[in-house]
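Trainee: Before we start, here is the structure in question, set down as structure tokens.
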Amino acid sequence: MIVTRFAPSPNGPLHLGHAWSAIVAHDLARKAGGRFLLRIEDIDGARSRPELADDFRRDLAWLGLEWEEVPAQSTRLGSYEAAAQRLQDMGLLYRCTCTRAEIAALEPEIGLEGAIYPGTCKGENFDPSRPAALRLDCEAALEGAGDLFWEDENAGTIDAVPCQLGDVVLVRKDAPASYHLAATLDDAADGVTLVTRGEDLFIATHVHRLLQELLGLPVPRWHHHGLLLGADGKKLAKSRQSGERGWGLAEMREAGEDGRALAERLRMGQMPCGITRSRFPHGGS
Ligand code: GLU
Ligand code: ZN
């Protein structure tokens, strides 16, 4: 049974790029007679706006999609804490009190996901009066895990190279899990067999594969898809310059546009004027 999911964060309205992501995940499940899940990823602290989740449901229904909703991340904090505790017991987490500004001042190497944390706090005594995040000691984690790989329906068999992102945060200062830890645990708990999402999260999968190994979770397959790009050639963003066409789904819905027809056109590769779709992997057909 194929199980896919769409996992939006309610920190901004959904746009056309999210619609495409939801349609891809929905259609992959439907074609295989499988299940398509909706999971609200609402542990983003101050940025999370719970009222947006209702809008998301209206947006998906407007596109003509049907889904099963699984519990939102904010109801699963205990499972994140338990997993973090296990990793801590394995000696694989360390406390980091650094702020973004402090990390920037260290002039770190810039990787695909921005600054790579240079490991300053590893093995250091930390100041207990300062809030701390917990980071994964990637080298130590990999030592126990050995060589790992993962299967992407579009990109093929990929060697996992998780430490290219450095020692990522697994427990945030302001939340009991980071995206990496929460999404990996939830996909396993929800029985997701085909993790479907945009290629901007391809790089994160290296870390997720390592976490699965460390926590003894089932290993799904992945389907990373190309992104919808705006007139500037950049991926559509939740925020935009004033005066720019926003491609917000709620906006289009409220303006009386036909969501099902829009979804059909996207499926046929007919992008609205000003939008292009990137191919993934790049250079593929
Ligand atoms: N919640 C994430 C986002 O909105 C997506 C998570 C995922 O698909 O793995 O960007
Ligand atoms: Zn630090």
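The values are calculated or read from the model by the stated rules, or taken from the named source; none is laboratory data. Everything numeric in this text was worked out from a predicted model, so none of it was measured. Methodologically, a virtual Cβ is constructed for each residue, glycine included, from the backbone with ideal geometry; neighbour enumeration extends over all protein chains shown.
Trainee: Quick check on Glu107: is it more than 22 Å from Trp20 (Cβ to Cβ), of a type in the set (D, E, K, R) and assigned to a helix (DSSP H, G or I)?
Mentor: no
Trainee: What residue, among those in segment 99-122 that are among the aliphatic types (A, V, I, L, M) and out of contact with any helix residue (DSSP H, G or I) (no Cβ under 8 Å at 6 or more places or on another chain), is farthest from ligand 2 (Cβ to nearest atom)? Spell out the reasoning first.
Mentor: Step one: list which residues in segment 99-122 are among the aliphatic types (A, V, I, L, M), which gives 101, 103-106, 110, 112, 115-116.
Subset that is out of contact with any helix residue (DSSP H, G or I) (no Cβ under 8 Å at 6 or more places or on another chain): 101, 103-106, 110.
Values: Ala101: 12, Ile103: 7, Ala104: 12, Ala105: 12, Leu106: 9, Ile110: 17 Å.
Of everything passing the filter in segment 99-122, Ile110 is farthest from ligand 2 (Cβ to nearest atom).
Trainee: If I filter segment 129-152 for residues that are more than 11 Å from ligand 2 (Cβ to nearest atom), in a loop (DSSP other than H, G, I, E, B) and farther than 28 Å from Leu215 by Cα, do I get at least one hit?
Mentor: Yes, some residue in segment 129-152 is more than 11 Å from ligand 2 (Cβ to nearest atom), in a loop (DSSP other than H, G, I, E, B) and farther than 28 Å from Leu215 by Cα.
Okay, residues lined up against (1) at pLDDT 95 or above; (2) touching a helix residue (DSSP H, G or I) at 6+ places or on another chain (Cβ under 8 Å); (3) acidic (Asp, Glu); (4) surrounded by 12 or more Cβ atoms within 10 Å (Cβ to Cβ):
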residue: Gly256; (1), (2), (3), (4): yes, no, no, no
residue: Gly259; (1), (2), (3), (4): yes, yes, no, yes
residue: Arg277; (1), (2), (3), (4): no, yes, no, yes
residue: Ser285; (1), (2), (3), (4): no, no, no, no
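Trainee: List every residue pair whose Cβ atoms lie under 7 Å apart, where the two residues are 6 or more positions apart in sequence or sit on different chains, the first residue falls within segment 10-36 and is free of Cβ contacts under 8 Å to residues at least 60 places away in the same chain and β-branched (Val, Ile, Thr), and the second residue, located anywhere, is buried (at least 23 other Cβ atoms within 10 Å of the Cβ) and in a helix (DSSP H, G or I).
Mentor: none
Trainee: Any residue at all in segment 194-202 that's within 28 Å of Cys98 (Cα to Cα) and either touching a residue at least 24 places away in the same chain (Cβ under 8 Å) or part of a loop (DSSP other than H, G, I, E, B) (or both)?
Mentor: Taking every residue of segment 194-202 in turn, at least one turns out to be within 28 Å of Cys98 (Cα to Cα) and either touching a residue at least 24 places away in the same chain (Cβ under 8 Å) or part of a loop (DSSP other than H, G, I, E, B) (or both).
Trainee: Given the residues Ala237, Ala189, Ala160, which is the only one that is surrounded by fewer than 18 Cβ atoms within 10 Å (Cβ to Cβ), away from ligand 1 (no atom under 13 Å from the Cβ) and not hydroxyl-bearing (Ser, Thr, Tyr)?
Mentor: Just a single option satisfies the conditions, and that option is Ala189.
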